1. Select from the range A:123-147 the residues that are touching a strand residue (DSSP E or B) at 6+ places or on another chain (Cβ under 7 Å) and not in a loop (DSSP other than H, G, I, E, B) and list them in ascending order.
2. Could you check the range B:6-23 and list, in sequence order, the residues that are loosely packed, with under 15 Cβ neighbours inside 10 Å and closer than 14 Å to A:Gly353 by Cα?
3. Those residues that are surrounded by fewer than 21 Cβ atoms within 10 Å (Cβ to Cβ), touching a residue at least 12 places away in the same chain (Cβ under 8 Å) and more than 23 Å from the chain's Cα centre (by Cα), I need them from the range A:394-421; list them, please.
4. Does the range A:345-354 contain at least one residue that is under 30 Å from A:Glu395 (Cα atoms) and more than 11 Å from every other protein chain (Cβ to nearest Cβ)?
5. Does at least one position in the range A:113-122 carry a residue that is assigned to a helix (DSSP H, G or I) and more than 14 Å from chain B (Cβ to nearest Cβ)?
6. Quick one: how many residues across the range B:61-79 are surrounded by fewer than 14 Cβ atoms within 10 Å (Cβ to Cβ) and at the interface with chain A (Cβ under 10 Å from one of its Cβ atoms)?
7. Please name all residue pairs, on different chains or six or more residues apart, with Cβ atoms under 7 Å, provided the first residue is in the range A:64-84 and is closer than 7 Å to A:Gly116 by Cβ and the second residue is part of a strand (DSSP E or B) and of a type outside the set (Lys, Arg).
8. With the structure loaded, tell me whether A:Asp60 is closer than 26 Å to A:Asn82 by Cα, acidic (Asp, Glu) and modelled with pLDDT of 95 or more or whether it fails that test.
Amino acid sequence: MAELWELSAAALRAAIGRGEVSCHEVAQAHLDRCAALDPRVRAFVTLTPGTALAQADHWDAARARGEALPPLAGIPIALKDNFCTRGIRTTCSSKILGDWQPPYDATATRLVREAGCVLLGKTNLDEFAMGSSTENSGLFTTRNPWDLDRVPGGSSGGSAAAVAACMSPLATGSDTGGSIRQPAALCGVVGMKPTYGRVSRYGLVAFASSLDQIGPFARSVEDAALLLQALAVPDPLDSTSLPVEAPDYRAALTGDVRGLRIGVPREYFAEGVHETVRTAVRRALDLFCDLGATVEETSTPHAEYGLACYYIIAPAEASSNLARYDGVRYGIRADNARDVIGMFEETRDLGFGDEVKHRIMLGTYALSAGYYDAYYDKALRVRTLVKQDFERCWERYDVLVAPTSPEVAFRIGEKAGDPLAMKLSDICTIPVNMAGNCAISLPCGFQDGLPIGLQIIGKSLDEATVLRAAHAYEQAANWQPRVPSLSP
Amino acid sequence: MPRLTLAEVEHVALLSRLRLTETEKQKLADDLNVILQQFDRLQAVDTREVPPTAHAMTLTNVFRADTARPSLPRAELLHGAPEARDEFFVVPRVVDTE
């Protein structure tokens, strides 16, 4: 039998269900794997072995009593460290929160616990999810399990690396401009940004509220579907949570894409997207043709403006959302301030890293008197055009296919010092957040041993079709090897 | 588009409640100007007839029944604060005594 840490969530679920293995053994195998590898990968900000084993024992006891188990009972999970976890340190990888322990659980935290998941720990991110490599983490940089000298992508780089290194079969992330899909691509795992409103954001520490969305990481499309099923529940605590019941996502994984209409927006293959990445995505499209889908080139002419829009809208919302870190209600406080304004300023100077300050400044400027119309209002209008491009596509296509990231994982430090270079990592993912659609990234090949990501974009609330297409490709392409060697 | 001056950086820093060193101010002015140049591209797009999109989903306000429910426990909330006393957050003096 394979090592427990190698198994998918679906396989673990079956093994636990048949009584071949206990939840305790599954949790321990993953905790051991974390203990062995995380000192090198550094995916986790906080490991929670006590919680993991207690939750595992709870489900073993329930099973022994003959109780019906919830769908993910005993399956290990890692949560990005911007998900509130009651009584468990939640840092957003920022110094400003110190060792803050939330007094409540995020809805997503509650849902995965109720679904039976066992919490291994909280994963590293770029501070407040602002970045594409985890190099902006206020704590440390996570390593890419395929090459420890390279970044895992970001901002959900810790979650992607934890899943890629088989430290956890499942993890959660949040995606504001690509923060699930881009690290999934760079780490060779599956990552999905559901439709805006599909998963409750209650208790997800806010970055840009009109763009943030929670989604799953896994090593297979089926596992991603299982986790999405647990997360996609309407929630009265989030007024942007859509009051729509999710369909059975696993039932969508038929392997059949005959007649599926695929559009390929040419703007996503433009200059700046590495030739190897373009070639890998075109090969994936050939495979879709072989499987009976129709593939046609199309255009989303405003996609090129997505990045500029994003860097107005997201910092504008962030400058407002991050106003709450003032040294009064949570986290750290600079203790030498004489007056209250000085306390705000010194606490924020001490607690925030450069990128966060940078974006707060950018957003405050874009919203300030005299510049609001030129920047923020203009960006919201162009956002409408980006969204309309997608709507026109949905008249003719079921999904769109594009690269996820313009390149494979880059070296740690490679993009430091250039304020634009890092931001270009998200050119293929940002337009989807602007429009609110759903999209998945999954592996579609390797360049010199580093994974390449394929992005499949779907209509709002049509995660089922995206998962069906992704699963059919995954089964047909069968990329090997799926586990990095992690040899010293 | 206008370029950010050092004086504007200082003004925005004040609005943002960020204390910046002289070196930080200059670096921010330089970096932000690189980003702001990117925004110039947007001016080329004709948006006179295009409405703004503040939100991807066309949601209208959502109401819930106006029924009382328990709040989060006060002690737990205060526990996370840097300084608290009785049932209050403690901050430096805001009002002068004179």
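The values are calculated or read from the model by the stated rules, or taken from the named source; none is laboratory data. As the structure is a prediction and not an experimental result, all values here were calculated from the model. As a convention, Cβ positions derive from the backbone with ideal geometry for all residues, glycine included, and neighbour counts pool all protein chains shown.
1. Keep residues of the range A:123-147 that are touching a strand residue (DSSP E or B) at 6+ places or on another chain (Cβ under 7 Å), which gives A:123-125, A:129, A:139, A:144, A:146-147.
A:Thr123, A:Ala129, A:Asn144, A:Asp147 - these are the residues of the range A:123-147 that are touching a strand residue (DSSP E or B) at 6+ places or on another chain (Cβ under 7 Å) and not in a loop (DSSP other than H, G, I, E, B).
2. Hit for the range B:6-23 is B:Thr21, nothing else.
3. Residues satisfying the conditions are A:Trp394, A:Arg396.
4. From the range A:345-354, those under 30 Å from A:Glu395 (Cα atoms) are none; that's our starting set.
No.
5. Residues of the range A:113-122 that are assigned to a helix (DSSP H, G or I), as a first pass: A:113-114.
Filter once more, keeping what is more than 14 Å from chain B (Cβ to nearest Cβ): A:113-114.
Yes: the range A:113-122 contains one or more residues that are assigned to a helix (DSSP H, G or I) and more than 14 Å from chain B (Cβ to nearest Cβ).
6. Our first condition is that a residue be surrounded by fewer than 14 Cβ atoms within 10 Å (Cβ to Cβ); within the range B:61-79, this holds for B:61-75, B:79.
Right, trim to at the interface with chain A (Cβ under 10 Å from one of its Cβ atoms) and you get B:61-65, B:72-75, B:79.
Selection size over the range B:61-79: 10.
7. Correct list of pairs: A:Gly74/A:Val118; A:Ile75/A:Val118; A:Ile75/A:Leu170.
8. Details: closer than 26 Å to A:Asn82 by Cα: no; acidic (Asp, Glu): yes; modelled with pLDDT of 95 or more: yes.
No: the conditions fail for A:Asp60.
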